[in-house]
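Nothing in this text is a laboratory measurement; each read-out follows from the coordinates by a stated rule. Nothing here was measured: the structure is a model prediction, and the numbers come from that model. Backbone-built Cβ (ideal geometry, glycine too); neighbour counts: all protein chains shown.
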Amino acid sequence: MISGTGVTKTYRQRGAMLGARDVQALRGIDFTVPRGGAVSFIGESGCGKTTLGRIVAGLETYDSGDIVIDGTSMAPLHPRRRRRHFRRVQLVHQDPYSALNPTRTVHQTLLAPLALRARHTGRSRAWAAGRAEELLALVGIDPGYVLGRYPHQLSGGMRQRVVIARALTVDPEMLVADESVSMIDVSMRLSVLSLLKDLRERLGVSVLFITHDIATARYIGGGSELYVLYRGQVVERGPTEDVIAGPVHPYTQSLLSAIPVLHGMEVPGPERVVPTEALDAAVEDTGCLFAARCPFRTELCTAERPELTGDAHRHACVHPHRRAVIPREAA
Ligand SMILES: Nc1ncnc2c1ncn2[C@@H]1O[C@H](COP(=O)(O)OP(=O)(O)OP(=O)(O)O)[C@@H](O)[C@H]1O
Ligand SMILES: [Mg+2]
């Protein structure tokens, strides 16, 4: 199991004209990913998703809070001693065009980490070579075809699978997939998602899925939990289907309301929510971070910042109200 408590991260940004400004990328995030489980983080650009993914994979430091990996707390460990634990969490780069070294064949890409692993565990080079083939088969590509090839000789979808095979060389407990906005190829996105779902079922590897698109968060598979991140705070979290069917926080409702009616066979959700104004990251008050944009705002909202409350389905809103906002298929 991998969990985080109170994870915070502040960046100091230096503008050419405005001087230095602090950006609170994460404001005390709690999360739990059970073994073999799946958790999705969604939220608009700049809400802190990539920062969280990089922290959980050990690629970025955090200011306070703790990450616990398989029962071991990272906070008290010297950064060098954390590395071994963070290796249990592998970040899957979602841009297969830059994630692979263009001068190495697939064989070389996979063999380097496997040979290291073989050395550490007293296994042979033959084991490493065999394992490379096994991993490629596991991610659904023919080892005979790809092993001797360079990345530019492969399709985008195959490269993406090689990236995932490389992440699996260390037998990770969790994969972190950060779906960047630049990944526009929908069929590739879906094939990566179904592969991650499959690996969850077959290997018991857990998945932390990061996306700006609530619709794709549903593909990650049964029993998953959805976290809605807004300006570095989790404003709603719960079983994915439950949050989508009955979002309680107006921010989640506005995010879901933005799902278009695609086929003409659906009817728009009757209670769609549209923010009253655009996000202004400079507006910071003591209350709810969404208050300035919220159509349901009252004085209560700006009095103090709401904390996440509830059991399975939690929200940070002083006026929680389930609304039907997503398009539904017409009967
Ligand atoms: N290295 C950095 N230096 C300064 N500020 C940063 C840095 N990385 C991120 N930030 C800021 O922290 C905030 C969160 O950024 P982050 O990349 O985590 O957002 P995101 O949710 O992944 O957005 P996107 O959907 O666009 O990928 C943003 O305001 C961003 O400008
Ligand atoms: Mg990002």
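Tabulated results
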{"item": "Using alpha carbons only: equivalent-ellipsoid semi-axes of the chain, gyration tensor based, whole Å", "result": "37, 24, 18"}
{"item": "Cβ-Cβ FRET estimate between E241 and V261, R0 fixed at 35 Å, reported to 0.05", "result": "0.95"}
{"item": "Under DSSP loop assignment and at most 16 Cβ neighbours within 10 Å, longest GluC sites (Glu not before Pro)-free interval of the chain", "result": "61-270"}
{"item": "Overall form of region 289-331 per C-alpha gyration tensor (a/c, 1.5; a/b vs b/c)", "result": "oblate"}
{"item": "Helix-only CD estimate at 222 nm, as mean residue ellipticity for the chain, using -39500 (n - 2.57) per DSSP H run (n ≥ 4)", "result": "-9000 deg cm²/dmol"}
{"item": "Extended-chain gain in nm, criterion 0.36 nm per residue less alpha-carbon gap, R119 and L300", "result": "59.1 nm"}
{"item": "Global form of region 99-169, assessed from the alpha-carbon gyration tensor, a/c cut-off 1.5", "result": "prolate"}
{"item": "Kirkwood Rh and Cα Rg combined as Rg over Rh, evaluated for region 188-331", "result": "1.00"}
{"item": "Separation of the M1 and R218 label points, Cα + 7 Å toward Cβ, nm", "result": "3.0"}
{"item": "Semi-axis lengths, Å, region 141-229, gyration tensor of Cα atoms, sqrt of 5 times eigenvalues", "result": "24, 16, 11"}
{"item": "Spacing of the two label points (7 Å from each Cα toward its C-beta) at R202 and R81, in nm", "result": "3.8"}
{"item": "Span from the region 172-241 Cα centroid across to the region 1-52 one, whole angstrom", "result": "16"}
{"item": "Alpha-carbon spread of region 248-331, three principal axes, descending order, Å", "result": "44, 31, 18"}
